[in-house]
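Worksheet for the structure shown next.
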Amino acid sequence: MLFQRHIFFQASKACAFACVFFVGILLIGNATKDLLRFITNSQMTFVFLLKALLLLVPAMAAYALPLGLVAGVLSSVGRMSSQNEFLILQACGVSMQRIIAPIFLLGFLASFFALGVNLFYAPRAIHFYRKNLRDLAFQDPMRFIQPNCFIKDFPGYILFVDAQIGTAATGVHVWELDSHGCIISFLCAEGGEFFKDATGLLVRLKRGMVERYGKNEFVPLAPIYFHNLALNLPNKVSTANKDWIKPLKHYDLFELMAVLRENTNDNSNRNFQRKRSREFIAANYIIQQHIASAVAIFLFTPIAIYLGIRVKRKESSIGIVFSLALVLGYYLLTIVVSWLQINPDRRVDLAAWAPTLVLVAIAILASKMVVYRN
């Protein structure tokens with residue numbers, strides 16, 4: 001029907017615009033958190049920045065889609081309701097079910113799209129994004145050497161240089177830290193030269209001294225003076241990849257299913273069996289949470305329709321605030337449920353659907369009020 005196509009395209013345009021807006025907001029927030037330091041210190045090229053932002057888009061889309069759908073449906077339905085389009089269609093004998101059917105179709109398509117993003121594209125994209133950030137230090141560690149700045153990009157060390165020309169620096173200060181972040185030694189040298197190494201940076205220092213701190217002592221031991229000294233500053237890639245395991249939250253559906261298929265009934269080793277059981281619960285929780293999030297997008301559709309019809313355009317700001325608060329409340333519930341993973345022996349995977357079930361009750365109530373009161 002012509003009117004159904006009109007409603008579908010009106011709602012689709014509004015939702016697309018809202019999704020782009022929220023993706024942009026989330027991109028700016030994540031870029032500020034992760035990339036701003038690299039940009040201000042000229043440690044990142046424009047091509048690398050563009051690649052990082054593109055990798056973030058699928059991950060941000062998973063969170064922006066519910067917000068965009070609710071805001072888009074609310075604004076489009078509110079506009080059509082304020083112009084009495086629904087009232088005219090009902091006067092012509094069109095039932096409310098047929099009027100809102102295109103919007104439900106849009107919600108179903110958005111939910112199906114989100115399912116693919118959550119299970120396949122978003123985990124891969126965020127994994128490559130994190131990997132590229134780690135590789136940044138490995139590709140050119142000299143980018144992290146900035147004069148008159150405390151450099152904390154080399155695990156276990158804090159570096160400070162007074163001046164730098166190419167690979168040479170003057171006034172080199174190095175603090176070595178233990179696993180708790182406490183200073184265990186201090187080194188200063190008149191000058192030094194940096195060389196790229198397989199594990200980070202090799203620093204050849206000239207004319208300086210080393211002060212070491214004894215265990216549980218604040219007063220340094222007797223200083224040791226040197227004429228030449230070589231020091232290796234490991235980058236985050238070498239230290240992270242030494243025993244680095246890809247986190248489960250970066251697994252796509254195929255990798256998670258492989259974890260679920262692993263044998264968890266090895267009675268020969270109780271510790272091994274317990275570990276496998278915990279991995280099974282964690283992997284199953286991630287799968288269920290991704291599916292539940294996609295289903296929640298469809299459930300937000302009748303809620304947005306009801307709010308759009310009730311508040312209409314003149315009060316759309318109130319409806320938008322309420323609906324966005326509902327989406328954020330849903331995410332808050334998912335975070336609360338995820339806290340149950342503190343105890344890995346609990347079947348937290350069974351609770352992944354709890355926020356969605358609450359949303360089901362609200363969506364059913366909203367659907368009945370839309371169909372039977374209009």
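The values are calculated or read from the model by the stated rules, or taken from the named source; none is laboratory data. On a predicted model such as this, the values are computed, not experimentally measured, just so you know. When we count neighbours, we look across all protein chains shown, and the Cβ atoms used for this are built from the backbone with ideal geometry, even at glycine.
Identify, by number, the condition in (1) of a type in the set (S, T, Y); (2) touching a residue at least 40 places away in the same chain (Cβ under 8 Å); (3) surrounded by fewer than 16 Cβ atoms within 10 Å (Cβ to Cβ) that S95 doesn't meet.
Failed condition: (2).
Yes or no: the stretch 209-225 includes at least one residue that is farther than 25 Å from F128 by Cβ, of a type in the set (S, T, N, Q) and at pLDDT 80 or above.
no
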